[in-house]
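Take this structure first; my questions come after.
The values are calculated or read from the model by the stated rules, or taken from the named source; none is laboratory data. Since we're looking at a predicted model, the values are computed, not measured. Here the Cβ positions follow ideal geometry from the backbone for every residue, glycine too, while neighbour counts run over all protein chains shown. Note: areas computed on protein heavy atoms with side chains; ligands, DNA, RNA excluded. Shrake-Rupley method; radii C 1.70, N 1.55, O 1.52, S 1.80 Å.
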Amino acid sequence: MSDKPWGGRFKERTSGAVEAYTESISFDGELYAQDIAGSKAHARMLGRQGVISPSEAELLISGLDQVRTEIEAGTFPWRQELEDVHMNIETRLTEIVGEVGKKLHTGRSRNDQVCLDFRLYVSDGLRRWAVLARKLCGVYLEQARKHTDVLLPGCTHMQPAQPVSLAHHLLAYAWMFKRDVERILDCEKRVRISPLGAAALAGTTYPLDPAFVAEQLGMYGTFSNSMDAVADRDFALEALFCGAVIMAHLSRFCEELVWWANPQFGFVTLSDAHSTGSSIMPQKKNPDVAEIMRGKTGRAYGNLINLFTTLKGLPLTYNRDLQEDKIPFLDTDKTVQNSLALMADMLAATTFNASRMRRALSAGYLNATELADYLASRGIPFREAHHITGRAVALAEEKGVGLEDLSLEELRSLSPLIENDVYTVLDYDTAVRRRNIHGGTGPESVSFQIRELEAWLSSSLPWEA
């Protein structure tokens, strides 16, 4: 005879190997707070609807509070044979409150129950990500404010291209993380939708009030189709995508930190607290945090593909394969939270070496575009101006000097339209100051970006208002 809560039609006990293989309590125990919150809302609704008595509802709620206390105190008796967080909590609840505990599951299936728990957990995770991403955005903004006058080579193809302000470079990442927050907020609207009332797949005959449960849990609405409600994992896919994009943005900056911390660049000095050494080479100061974060990005990508692969062949509605939906998100949630928090700390403690960045401007002819634009402003078609400038670069390269070091006579040998004012144009600071088009690297544009981001950061997140 089976001792399982669902074991009425079974004559044999479940194999121990099967219990070990199919259990989920080793990971879905993380969802205990969401499971208890959902069960309390369900019990309150059952009492309100007259499915159980108000006193029974209050007894269930009181018992669930005791279960949570035991879990958080570390005294809760988790049992693998009960398979998952739901059956463990319900079984212990029944031990505490007696037979009324068995009424909690009225009108509910583990199918809609697990969807509710997971949606709440993913929503809570997304909200944590949004807070951390905003904090990181603020650190980029603060570093940008400090370095509006610092110039460095802006690159394309990892080759020196044009001079930009360090503030502008850092703000590029601030805008990335602002988009991440916006993406999270949009995603979270679809995640925090209640499936409770869908039951196993077809809905229920009990007079439930799904909207009341959703309201109790601070959710944005309820399911529209009971089959979709228990089968859908789009919400987890979308959240995993948001996490993957966040990690991509972090990884791109990590790549730059790794390059910049190399003494051959020397653009940044990472704090000792965010670096490690070598077991054999005493001089080494390795950017291990940036490297590991760059490596963890692959895990976030893998978790997204993991769930995509699980879902791709599943017919409607619920299939036990969906038990595998949680581990990818649990891992990405931990990775994203830790990475965002650590990057904020590391960036705040990073020293930017303005003199090394300034010296790097002289390598790579970053003012070549200025010369081409100067010639175009004299009426020379840009393509011809581009060709003349290329010859100027070749001449400077041959002489081992910068464009600004060529004599006026040498420059005029390439075009008689070049005058002495060209040296003002070739100045790196001037090149940056002239680019005040919206979104450009000029100081006015950078100041405008800073004000925009400050205004955004001063606003509240939707659930904080």
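Return yes or no: is GLU95 farther than 24 Å from PRO195 by Cβ, open to solvent by 30 Å² or more (accessible area, probe 1.4 Å) and part of a helix (DSSP H, G or I)? Explain how you work it out, then say what you get.
Numbers: farther than 24 Å from PRO195 by Cβ: yes; open to solvent by 30 Å² or more (accessible area, probe 1.4 Å): yes; part of a helix (DSSP H, G or I): yes.
Here the answer is yes, as GLU95 does meet what is asked.
Being closer than 19 Å to GLY29 by Cβ and among the polar types (S, T, N, Q): is that true of SER123 here?
Numbers: closer than 19 Å to GLY29 by Cβ: yes; among the polar types (S, T, N, Q): yes.
In short, yes.
With the requirement that a residue be open to solvent by less than 30 Å² (accessible area, probe 1.4 Å) and assigned to a loop (DSSP other than H, G, I, E, B), what does segment 317-375 give you?
THR317, THR350, LEU361, LEU366, ASN367
What's the number of the only condition in (1) in a loop (DSSP other than H, G, I, E, B); (2) touching a residue at least 60 places away in the same chain (Cβ under 8 Å) that SER415 fails to meet?
Condition not satisfied by SER415: (2).
Looking at this structure, is GLY63 farther than 23 Å from PRO195 by Cβ, open to solvent by less than 30 Å² (accessible area, probe 1.4 Å) and either without any contact (Cβ under 8 Å) to a residue 24 or more places away in the chain or part of a helix (DSSP H, G or I) (or both)? Let's see the steps before the verdict.
Working: farther than 23 Å from PRO195 by Cβ: yes; open to solvent by less than 30 Å² (accessible area, probe 1.4 Å): yes; either without any contact (Cβ under 8 Å) to a residue 24 or more places away in the chain or part of a helix (DSSP H, G or I) (or both): yes.
The answer is yes for GLY63.
Suppose the filter is touching a residue at least 60 places away in the same chain (Cβ under 8 Å) and not hydrophobic (A, V, I, L, M, F, W, C); does GLY138 pass it?
Numbers: touching a residue at least 60 places away in the same chain (Cβ under 8 Å): yes; not hydrophobic (A, V, I, L, M, F, W, C): yes.
Judged against the criteria, GLY138 is a match.
Can you find, within segment 213-246, the residue that is surrounded by the fewest Cβ atoms within 10 Å (Cβ to Cβ) among those that are in contact with an Asp or Glu (Cβ under 9 Å, 6 or more places away or on another chain), small (Gly, Ala, Ser) and farther than 23 Å from LEU46 by Cβ?
ALA236
Here's something else I'd like to know. Across segment 66-92, what is the number of residues that are buried (at least 20 other Cβ atoms within 10 Å of the Cβ) and not β-branched (Val, Ile, Thr)?
Residues meeting the conditions: 7.
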